[in-house]
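Student: Take this structure, written in structure tokens, and hold onto it; I'll ask about it next.
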Amino acid sequence: MKKMLKLALIAAAAAVAFGASAQEFPAKDKTVTIVVPFAAGGPTDRVARDLAEALRKPLGATVVVDNTAGAGSSIGAARVARATPDGYTLLLNHIGMSTMPALYRKLSFSVPNDFEYLGMVNEVPMTLIARPTMPANNFKELTAWIQQNKGKINLGNAGLGAASHLCGMMFQSAMQVDMTAVPYKGTAPAITDLIGGQIDLLCDQTTNTTSQIEGKKVKAYAVTTSQRLTTPALKDLPTLAESGLKDFNVTIWHGLYAPKGTPVDVQKKINEALKTAMKDPEFIKKQEALGAVVVTDKRVDGPEHKKFVAAEIEKWSAVIKAAGTYAD
Ligand code: ASP
């Protein structure tokens, strides 16, 4: 009996000494939560939900999505930066990871230092869309409408630092017209208001806009990529660059993160599962139907993902500084 107790104590001490990395991950009774820093039903949420489903088998765990929306993804990102670094709380975020550092004067975390980078997931184009009652029927007519309505135009976004905000900022500066930014907690509520005519314009990911364009619930004018898209509902839309906004090119990307200090072997397990999930034909099919492209290059691994985000931070910080837009 005494010997048994001693053995149990030794085992407990060893578990403490080795920390979470030596334990079984994922434990059978625990759930992996992917935090989405935007409202449910939006582009980031949809990618996360498809990914959660594809991850369940390779990770051997229940994977759920939890939305912590607001402030252009900075509230949800802060939640994960502060979470216990054990692999059970992850963050799926988009290009906001690279706009937040320049945009927010008081960010409670550091994008380069407070996360482990687990790999990139996909890239998604954007579309410039308008309320269904917008009189303009093509980009030329929209340009004329914008000139006639200066000072009265409401441009929606999913929060300061969101992809839609970034695209909107670039659009305004390319058009040389100031518009009133109307922030939401995500694309889903922004599109609802666009359809209802409460806002005039929105630039957002094809993930959510394609079906609305197809169903004629919104008007569409252009895509933000340098090339036209092949998705049937979008293939006739011109690029903004060919419409006269020279060099306009924005593509949104998503990546998976864990809090800094997550054990290396736990990170490795998640990364392996992520790479398997991203080869799942069902996942690829769903992404393609939404106009998204699953990443297959070296950025599927943490180090290249981190390098890419660092370059994006540099790129977008310059754009944000030039625009002089800040948030507290
Ligand atoms: N698409 C949104 C954005 O503009 C965010 C979202 O709801 O996924 O950043």
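Student: Would you be able to tell me the number of residues in region 166-185 that are closer than 12 Å to T224 by Cβ and buried (at least 18 other Cβ atoms within 10 Å of the Cβ)?
Tutor: So the first thing to find is which residues in region 166-185 are closer than 12 Å to T224 by Cβ, and the list is 166-168, 170-171, 174.
Keeping just the survivors that are buried (at least 18 other Cβ atoms within 10 Å of the Cβ) gives 166-168, 170-171.
Summing the residues that are closer than 12 Å to T224 by Cβ and buried (at least 18 other Cβ atoms within 10 Å of the Cβ) in region 166-185 gives 5.
Student: Look through region 34-83, keep the residues that are assigned to a strand (DSSP E or B) and buried (at least 18 other Cβ atoms within 10 Å of the Cβ), and return whichever of them is farthest from the ligand (Cβ to nearest atom).
Tutor: Here the answer is V63.
Student: Could you list all residues from region 186-202 that are closer than 25 Å to D66 by Cα and not aliphatic (A, V, I, L, M)?
Tutor: Listed by number, the residues that qualify are G186, T187, P189, T192, D193.
Student: Something else: For residues that are within 22 Å of A327 (Cα to Cα) and among the aliphatic types (A, V, I, L, M), scanning just region 189-217, find the one that is surrounded by the most Cβ atoms within 10 Å (Cβ to Cβ). Walk me through how you get there before you give the answer.
Tutor: So the first thing to find is which residues in region 189-217 are within 22 Å of A327 (Cα to Cα), and the list is 189-190, 199, 201-204.
With the extra rule that they be among the aliphatic types (A, V, I, L, M), the set shrinks to 190, 199, 201-202.
Working: A190: 26, I199: 23, L201: 26, L202: 30.
Here the answer is L202.
Student: Can I ask one more? Tell me, which helices (runs of 4 or more DSSP H) lie completely within region 249-328 with 1 or more residues that are modelled with pLDDT under 90 and not charged (D, E, K, R)?
Tutor: In region 249-328, the matching helices (runs of 4 or more DSSP H) lie at 281-289, 302-323.
The values are calculated or read from the model by the stated rules, or taken from the named source; none is laboratory data. For clarity, every value in this text was computed on a predicted model and none was experimentally measured. Note that we place each Cβ from the backbone using ideal geometry, even for glycine, and neighbour counts take in every protein chain shown.
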